[in-house]
1. Which of the residues belonging to region A:229-246 are away from ligand 1 (no atom under 15 Å from the Cβ) and either in a loop (DSSP other than H, G, I, E, B) or within 23 Å of A:H10 (Cβ to Cβ) (or both)?
2. If only one of A:R149, A:R138, A:R73 is surrounded by fewer than 21 Cβ atoms within 10 Å (Cβ to Cβ), more than 9 Å from chain B (Cβ to nearest Cβ), at pLDDT 95 or above and away from ligand 1 (no atom under 16 Å from the Cβ), which one is it?
3. Considering only residues that are outside any helix (DSSP H, G or I) and surrounded by fewer than 19 Cβ atoms within 10 Å (Cβ to Cβ), which ones fall in region B:24-40?
4. Scan region A:90-115 for residues that are within 14 Å of chain B (Cβ to nearest Cβ) and among the charged types (D, E, K, R) and jot them down.
5. Grab the helices (runs of 4 or more DSSP H) fully contained in region B:129-230, keeping just those with 1 or more residues being within 25 Å of B:G69 (Cα to Cα), open to solvent by less than 40 Å² (accessible area, probe 1.4 Å) and away from every other protein chain (no Cβ under 14 Å).
6. Pairs only if they're at least six apart or on different chains, beta carbon under 6 angstrom, first in region A:199-222 and within 17 Å of A:T263 (Cβ to Cβ), second within 14 Å of ligand 2 (Cβ to nearest atom); list them, first residue then second.
7. Do we have any residue at all in region A:55-64 that's more than 14 Å from every other protein chain (Cβ to nearest Cβ), within 16 Å of ligand 2 (Cβ to nearest atom), among the aliphatic types (A, V, I, L, M) and open to solvent by less than 70 Å² (accessible area, probe 1.4 Å)?
8. Return yes or no: is A:D15 at pLDDT below 95, open to solvent by 20 Å² or more (accessible area, probe 1.4 Å) and either of a type outside the set (D, E) or over 16 Å from A:I197 (Cβ atoms) (or both)?
Amino acid sequence: MLIELKDIRHVYNLDDPVVALENINLEITQGEFIGLIGHTGSGKSTLVQLLNGLLQPTAGQVFFQGQDINADRASLQDIRKKIGLVFQYPEHQLFEETVAEDVAFGPKNVGLSREEREKRVKEALQLVGLDYEEFKDRSPFNLSGGQQRRVAIAGVLALKPEVLILDEPSAGLDPEGRQKLLDLLVYLHQELNLTIILISHRMEEVARLASRVVVMDQGKIALEGTPAEVFNRGEDLKKMDLDLPVLTQILTDLKARGLPVRTDIFSLEKARDEILAGLKKIEKSRESKTC
Amino acid sequence: MLTDITIGQYIPGKSIVHRMDPRIKILITLIKITILFLIDTFWGFGLFLLLVVGILLAAKLPIKRVLRGLKPVFFLVILTLVLHLFLTRGGEVLWQWGFLRIEEAGVFTGFFMVARILLLIMFTSILTLTTSPLELTDGIEYLLKPLARFGLPAGELAMMMTIALRFIPTLLEEAEKIMKAQQARGADFESGNIIQRAKALIPLLVPLFISAFRRADELALAMESRCYRGGSNRTRLHELQLKKSDLILFFLAVIIAVFISFF
Ligand SMILES: Nc1ncnc2c1ncn2[C@@H]1O[C@H](COP(=O)(O)OP(=O)(O)O)[C@@H](O)[C@H]1O
Ligand SMILES: [Mg+2]
C-alpha cells in the first residue's frame, strides 16, 4: 500500500471549530490515477494537504509506504520530495527572477548539486512543454497565465515525485491549455508511472482519466469506485450538487427515451459509435416488425 | 498559525459592546491605550487586566480566540523581556554570571513592557472584533472631520484605514497558503539561524506583495465601476446617532481610566 489514511478527522480552529474531515479511510496503491471530486467546501483541499504533512490530522493516521508520516516530523522533507503537491492557482507562488531559478527552488531545497539541478530544470520544463533555452532566463512574471502555471507545475515536477497531487489544476485555463495539461497528466501516469491524485470540478476530465473516483461530501467520502460505477449514480451525485459528465448525461437521457445504449462510456468517439449502434438496433427491430 | 492574528477580524454579535457607538469605542480605546503607557505599578496593570477581562466577558467574545491572537507576538515579547532583563540597569543586582547581569530595574521594566504589549493587542483586538469595518470607517471619519478644515481628506483616510484593516486577515490567509505551497517544494521556514530564516522569507514575501498589488488593483477597479469617488459629497444611509447609554459608558470609561492611572 502506497498511501493509507486511517480514521482521519480534521478540525480547523479548535475553539470555533469547523469540522473539515471526518471518518476518512482511504487506501491508494502505486500507479493509481485517483479523481477526487466534491462540492466546494467538501474537504478535498484539506484531504490532500494531509498527505504530505502540510496539515496534521486532529485524529487518525496518515501512512506513506507503511510509515506514519507524522510520527517523525524530521522525515517530512523526504516525504514532500516523494509526494508533489500542486496547489490551486500554483502560479501565485512564483517568486524568482528567472524561470530556471524558480523551477530549481525545490531541487535546491533538498540539496541537489548545481549540475543535477540544471538537469532537473531542463527535464521539468520539457515535460510541461516549455523550451528550456527560450524560457530559462525570462522573468516568470512576464509570461502568460497559462505559461506561468506550467512553470509552477514544472517547479513541483523538478523534485521528481512518485506521487503527484493536483488541486484543480485546470481552473481558469483556456481549452487548449487544459487539453495540454491533461495530456501531460496522461503522459506522467502512463509513461513515468506516477501515482496521480487529481482534484477537479470537471467531471469529463475525471471520467476520462481516473482509474478510481472518490466523491467527497461534507467532509466524508460519500462514494468511491470506477468512473463507470460512480457516474452511474446520477441521482446520488445530484443530491451532492455534482453534475454528470456531459456524455454520461446525454447517454442517460437517450436511454431513458428508449435508445438501447450503455451509459458507462467516456470518450467522444466511442459514445458516437454506441449511439449509432443503438440507432441501428432500433431500425432493425422496426424492420423485423414491419415484415 | 498566521491566521490566529485577531487584529482586523470581526465577530458579529449583539452584546452591549457590539452595540456601542463606534466613535465612543474608538475614543475609549485611545484613552485606554494612553493610560496603558502611563501605568507603572503592578496594581495598575492588575486593574487594567481586570478591565480587559470584564469587557471581553461583556462582549461575549471567545476568550481563547483573543488569547490565541497573542501567539504571533510571542517572539517580540520574549525579545523585549530578554533585552530589558539584561540591558536595563538600576537597583539591586539580582543575578550575575560573567558579564551578564540582571538588575532590579530590568525585571520591572521588562515585565511592564511585556504587559503593555499584550494588553495593547488585546484591547485593540476587542475594538476590531466587535466593530464591523463599515462602522469603524464611519467612526474614524467622524472623528477626523474637524481636521478636514485643515485640508485633511478625512473620508479618504478613513476608507484607506478600513481597507487596510479589512485586508489584514485576507493577506494572512494568503501568506499561509503561499507558505504551504513553498513548503510543498521543500522550503524550510522553521530552522536555521536568523539570517537563513530571513532569507527563507523571500519566497513568501515576493508572491505576497505581488498578490497584494493585484488585489489593490482589482479593488480599485471594482470601486470605480461602482462609481466610488470619495470626496465631500458622499452621503450615508445610516447616520451615526449617539445614545444616552453611549455617553454613560464613555464617562464610566473616563472615570475608570483616571482611577487606574492613580495606582
Ligand atoms: N485554513 C482554514 N481555516 C479554517 N477553516 C478552513 C480552512 N481551510 C478550509 N476550511 C474549511 O474547511 C472546510 C473544507 O474546506 P476545503 O478542504 O478547502 O474544501 P474544498 O477544497 O473541497 O473546497 C470548509 O468548510 C472550509 O471553510
Ligand atoms: Mg479546494
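1. Once the filter is applied, which keeps residues that are away from ligand 1 (no atom under 15 Å from the Cβ) and either in a loop (DSSP other than H, G, I, E, B) or within 23 Å of A:H10 (Cβ to Cβ) (or both), region A:229-246 yields A:N232, A:R233, A:D243, A:L244, A:P245.
2. Sole residue among the options that is surrounded by fewer than 21 Cβ atoms within 10 Å (Cβ to Cβ), more than 9 Å from chain B (Cβ to nearest Cβ), at pLDDT 95 or above and away from ligand 1 (no atom under 16 Å from the Cβ): A:R138.
3. Selection gives B:D40 alone.
4. Across region A:90-115, the qualifying residues are A:E91, A:E96, A:E97, A:E101, A:D102, A:K108.
5. B:133-148, B:154-184
6. Filtered contacts from region A:199-222: A:V206/A:I37; A:V206/A:S200.
7. Within region A:55-64 (the criterion being more than 14 Å from every other protein chain (Cβ to nearest Cβ), within 16 Å of ligand 2 (Cβ to nearest atom), among the aliphatic types (A, V, I, L, M) and open to solvent by less than 70 Å² (accessible area, probe 1.4 Å)), the answer is no, since none of the residues qualifies.
8. yes
The values are calculated or read from the model by the stated rules, or taken from the named source; none is laboratory data. Only a predicted model underlies this, so the values are computations on that prediction, with no experimental measurement involved. Glycine gets a Cβ as well: all are built from the backbone with ideal geometry, and neighbour counts include every protein chain shown. Side chains included, ligands, DNA and RNA excluded: accessible areas come from the protein's heavy atoms. Shrake-Rupley method; radii C 1.70, N 1.55, O 1.52, S 1.80 Å.
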